């Protein structure tokens, strides 16, 4: 790829609407009546025919050429691409494009002012893998055989559904079903980047077939998610100011069905989205792009909670990291609930703060707790993830790294006055944290050599002393009996 590719993309960006005037407005899109917010079958009897599966359609920026992709028709064999042009004041009957002979060619999309058609294809010129992201160049009234885009972006056996954006970077679906992006820089494509959660969903394959706007302000993708209506649904995500993407929003049950929706692509004028549904091509107004941007975003799990270990008879305290749940409306909207995965409440020794998302308590027995944590926003939308807490047997707190601690905490039990002597750690600065029976810090103190803690005004019961000396942590149980 050469740096000169940047010039045609700029023509594409700024020339689209002027070029579209070369075809009479009433002949655009095969002269079909344009849809509103209710999806309509696109060009029934011309493009969408009974008994076959039309999956992807793309229009040239000037509106005079259309390519669309047929899956497995008339027999379950190689998919191929049909095309039609507006010539001599009429649309030609859709016919197969010659470059589909002898290869799979699918999921076409226009770029570069309509002079290039991108697709994934097999058996291409300078092929790298089995199915390469490729392009065909317009040659007068004809189109060249597909040419591989090279490696990168073709670094796996299969890659699908290329979408070229304004700076010539490319989005696509990987062999493993992830939405990827390759930055175009200094005339070459950089290594692919797999988009993180929430675009690529934890534990699922998105098979996103992404359409990304030229300015990369929004992305339409398909995915199977818990809030969906059945199989693959269409979603929209928006680019945030920090460069990340929002949690994709389902386009709703007017556009999506219990079946499989595919490939939500936008027409060159930006007014309509085309997509596959029930083996036909549909189109619908793009008014949802702006309206959905201002509706509530569902929170999502960004990073699963790591498993935790507690020690029998010792204080356990753990706060769910802020990076676990993300709400694109602001994390301050979230409240939390924790229950056992089977729906039962937490054991009596373990408390959970629903605002700070903090677990605390002293486990009395050895056990394993499988916990479901749910974060809910002010609109009632929620996300959940699991946490395992393993309570293990007590080990002597008089040992650290196999050596005696060299400290004294006395008397124990006590009537409220606790003496701490560092002994072997004399001269070093220690920090003591004192936890009450509920697992809350009630005192923090810094000292050297010796100190006294006064608990005479506190209730009787078990307290935990946590000493931090250099990089060492020492835990002791102290009992206040009067």
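For segment 404-480, what is one quarter of the convex hull surface built on the Cα atoms, given in nm²? Please list the in-between numbers first.
Details: hull surface 18.3 nm².
Averaged projected area of segment 404-480's Cα convex hull equals 4.6 nm².
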In vacuo Debye scattering of segment 300-392, one point per C-alpha: log10 I(q)/I(0) at q = 0.23 Å⁻¹?
-> -1.18
Spin-label point model (7 Å from Cα, Cβ direction): what's the residue 254 to residue 191 distance in nm?
-> 4.5 nm
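Quick one: order 233, 280, 307 by neighbouring beta-carbon count within 10 Å, fewest to most. Kindly include the intermediate steps, with their values, before the conclusion.
Working: 233 26, 280 19, 307 11.
Lowest count first: 307, 280, 233.
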Going by alpha carbons, how many degrees (0 to 90, nearest 10) lie between the helix axis of 6-19 and the longest principal axis of the chain?
-> 60 degrees
Would you mind computing, in nm to one decimal, how far apart the modelled labels at residue 477 and residue 452 are, each placed 7 Å from Cα along Cα→Cβ?
-> 2.7 nm
Based on the Kirkwood radius over alpha-carbon pairs, what value in µm²/s does the Stokes-Einstein equation return for the translational diffusion coefficient of segment 189-322 at 20 °C and 1.002 mPa s?
-> 128 µm²/s
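Can you tell me how much longer the chain between residue 368 and residue 322 gets when fully stretched, taken as 0.36 nm per residue apart minus their C-alpha distance, in nm with one decimal? Walk me through the numbers on the way to the answer.
Numbers: separation 46, 0.36 × 46 = 16.56 nm, distance 2.42 nm.
14.1 nm is the gain from fully extending residue 368 to residue 322.
Could you give the length gained by full extension between residue 309 and residue 429, i.e. 0.36 nm per residue of separation minus their alpha carbon distance, to one decimal place? Mind showing how you got there, number by number?
Values: separation 120, 0.36 × 120 = 43.20 nm, distance 2.82 nm.
Going from the current span to full extension adds 40.4 nm.
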Could you line up 240, 249, 477 from fewest to most neighbouring Cβ atoms inside 10 Å?
-> 240, 477, 249
Quick note on 80, 135, 229, ordering by fewest other C-beta atoms within 10 Å, gives 229, 80, 135
Let me know the Rg and Dmax you get for the chain when you use only its Cα atoms, in Å.
-> 31.3, 102
Kirkwood hydrodynamic radius (Cα pairs, Å) of segment 136-246?
-> 14.9 Å
Where in segment 405-424 is the amide nitrogen less than 19 Å from a point lying 7 Å along the Cα-to-Cβ axis of residue 470?
-> 405-408, 421-424
Along the Cα-to-Cβ line of residue 49, 7 Å from the Cα, sits a label point; which residues in segment 94-110 have backbone N less than 13 Å from it?
-> 94-97
Can you give the % of DSSP beta bridges in the chain that are antiparallel, to the nearest 5?
-> 95 percent
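Throughout, read-outs are computed from the coordinates displayed, never taken from laboratory work. All of these numbers come straight from a predicted model, not from anything done at the bench. Using ideal geometry, Cβ is built from the backbone for each residue, glycine included, and neighbour counts are taken over all protein chains shown.
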